[in-house]
Amino acid sequence: MDTLGRLVGTIVFLVIFASGAKSNEVLGDIRRSCSPDGPAHVVLLASPGNTQVVACGRDRPSVGQATAESRFLLASVSKTFLAVTLLQLHEEGQINIDDRASKWLPPDVVTDLGGLKGVTISHLLSMTSGLPDYLDEQFYLDSLDLVDAGATSAKVLRSALKKVVGEPVLFAAGTAFDYSNTNYLLAQLVLEKVSGQPMHEVFNSRIFEPVGLNRTQLLGFGVSPGDFVQGFEDFGNGLEAVDGYLEGFGFGDGGLVSTAGEVAGFYDALFSARTLLDKRSLDRLLTDPVGEGYGMGIEVERLPDDVIVVGHSGGDIGFSTDVRHILGEGVSAVYLSAIAEDDLSVTWDLLEAHEGN
């Protein structure tokens with residue numbers, strides 16, 4: 001398998017509890033593919049009563065080998081957390097998820113973005129607003145300059161939104177899909193306006209503490225690059241460490257740092273224990289409004305025999321992540337990699353093996 005061929009590092013942690021033969025075979029292939037050196041990877045397969053984890057490679061030079069408790073930048077896997085908190089506020093009557101976004105956003109932001117005509121909070125969360133994406137390589141460079149100059153997270157976020165000022169919308173709100181990180185910067189601003197708190201505090205009180213996610217944090221708010229696995233990217237001269245590119249802040253479009261086990265724990269709390277959202281909110285979270293396989297901050301794949309797999313992938317400088325969860329079965333596969341643009345199909349390989357046990 002291509003993914004397994006790319007896995008590097010030394011197997012330093014392997015736990016297998018009462019699992020099926022086929023999933024054991026996949027994880028065994030991963031273990032055997034590991035080499036003595038390289039960036040960290042953690043692979044996890046969790047089902048009710050069963051957990052299998054393989055951790056490979058170096059965490060960072062000052063820490064040593066990666067373990068199941070090693071933390072990675074989650075990138076866009078973080079989007080689901082933001083969508084969940086906004087739906088919680090919807091349940092409580094603090095907002096209506098179908099409110100116009102302009103109702104909750106700073107007036108200057110609304111003006112800069114052409115009035116956000118017809119754009120609702122649900123359009124932001126489902127990537128159907130038509131807003132162009134702010135995120136490109138130049139933004140990373142500009143944001144580093146701002147951070148070096150002492151800019152706050154709020155100022156860096158506003159600078160990101162400025163990148164799309166004057167850009168035409170891609171389509172009328174609600175009529176099509178385009179994956180644009182701009183949506184989740186605006187969703188963060190909505191969350192902070194409604195709650196009266198910064199996003200990381202909302203996450204703490206509404207998700208991290210209730211679920212017991214003790215090692216999940218937002219980048220720049222109590223956690224810096226030296227506190228999680230060292231990521232690597234090839235900029236044209238082989239793999240290079242990317243710590244220097246991450247000296248900033250995490251935003252609503254991706255910025256959480258966590259472990260594979262805590263990502264799986266979040267999915268279990270959300271979809272199996274159902275302690276975070278009620279049934280109506282879960283149904284809304286998973287509603288795919290324009291047939292593009294995307295709900296609110298989560299990908300939804302409907303397979304034969306009424307099998308539904310939900311999850312999200314993520315990619316950032318130096319990191320690749322993916323989580324997949326089979327609804328109704330409580331089965332999650334998580335892959336966290338400290339290499340940019342890694343092959344993420346290992347999660348699907350694990351789910352397929354599990355289903356074939």
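The values are calculated or read from the model by the stated rules, or taken from the named source; none is laboratory data. None of these values were measured; they are calculated from a predicted model. As a convention, Cβ positions derive from the backbone with ideal geometry for all residues, glycine included, and neighbour counts pool all protein chains shown. We work out accessible area using only protein heavy atoms, side chains counted, and drop any ligands, DNA or RNA first. Shrake-Rupley method; radii C 1.70, N 1.55, O 1.52, S 1.80 Å.
Could you tell me the largest-minus-smallest coordinate of the C-alpha atoms of the stretch 125-266 on each of the three principal axes, in descending order and whole angstroms?
Sorted from largest, the Cα extents of the stretch 125-266 read 43, 41, 29 Å.
How high is the relative contact order of the chain, given as a whole-number percent (alpha carbon pairs under 8 Å, six or more residues apart)?
Here the relative contact order equals 24 percent.
In the full protein assembly as shown, how much of Val43 is accessible to a 1.4 Å probe, in Å² to the nearest 10?
Rounded to the nearest 10, the figure is 0 Å².
If I stretch the segment between Ala154 and Glu91 completely, what's the gain in nm (0.36 nm per residue apart, minus their alpha carbon distance), one decimal? Could the numbers behind the result be given before it?
On the way: separation 63, 0.36 × 63 = 22.68 nm, distance 2.72 nm.
Result for the pair: 20.0 nm of gain on full extension.
Can you pull the one-decimal nm distance between simple spin-label points at Ser224 and Thr275, each 7 Å off the Cα toward Cβ?
3.3 nm
So for the stretch 176-233, taking the charge dipole from beta-carbon charges (+1 Lys/Arg, -1 Asp/Glu), which of Pro225, Gln188, Ile207 sits furthest toward the positive end?
My answer, from the dipole projection, is Ile207.
Please work out how much accessible surface His200 shows to a 1.4 Å probe, ignoring ligands, DNA and RNA, in Å² rounded to 10.
40 Å²
Modelling each spin label as a point 7 Å along the Cα-to-Cβ direction, I'd like the Glu137/Glu167 distance in nm, to one decimal.
Distance between the two pseudo-spin positions: 1.7 nm.
From largest accessible area down, sort Arg215, Arg324, Arg274; use a 1.4 Å probe on the protein chains. Intermediate values should be presented prior to the final figure.
Values: Arg215 85, Arg324 15, Arg274 130 Å².
Solvent-accessible surface, decreasing: Arg274, Arg215, Arg324.
Which residue, Asn214, Asn237, Asn183, tops the fluctuation ranking in a GNM of the chain built on C-alpha contacts under 10 Å?
Taking springs between Cα atoms under 10 Å, the residue moving most is Asn237.
Just tell me the longest site-free run in the chain, where the sites are GluC sites (Glu not before Pro) in a DSSP loop having at most 12 other beta-carbon atoms within 10 Å.
Numbers: sites that count: Glu92, Glu341.
Answer - 93-340.
Quick one: putting +1 on the C-beta of Lys and Arg, -1 on the C-beta of Asp and Glu, what dipole do you get for the stretch 57-154 around its Cα centre, in Debye to the nearest 20?
260 debye
How big is the accessible area of Thr287 in square angstrom, nearest 10, if you roll a 1.4 angstrom probe over the protein chains?
Taking all protein chains as shown, Thr287 has close to 70 Å².
Largest first, how would Asp253, Asp288, Asp37 line up by accessible area (1.4 Å probe)?
Highest to lowest solvent-accessible surface, that is Asp37, Asp288, Asp253.
Just grab the label-to-label distance for Ser205 and Ser62, each label 7 Å out from Cα along the Cβ direction, in nm (one decimal).
Computed distance between label sites Ser205 and Ser62 equals 3.2 nm.
Run through the stretch 80-144 and list the trypsin sites (Lys or Arg not before Pro) located in a DSSP loop whose Cβ has at most 14 other Cβ atoms within 10 Å.
The qualifying sites are Lys117.
How big is the chain by Rg and Dmax over its Cα atoms, in Å?
Cα radius of gyration and Dmax of the chain are 19.8, 58 Å respectively.
Ranked by accessible surface with a 1.4 Å probe, highest first, in what order do Tyr179, Tyr184 come?
Tyr179, Tyr184
Can you pull the Kirkwood radius for the stretch 206-254, inverse mean 1/r over Cα pairs, to one decimal in Å? Intermediate values should be presented prior to the final figure.
Working: mean 1/r = 0.0794 Å⁻¹.
Roughly 12.6 Å, rounded to one decimal.
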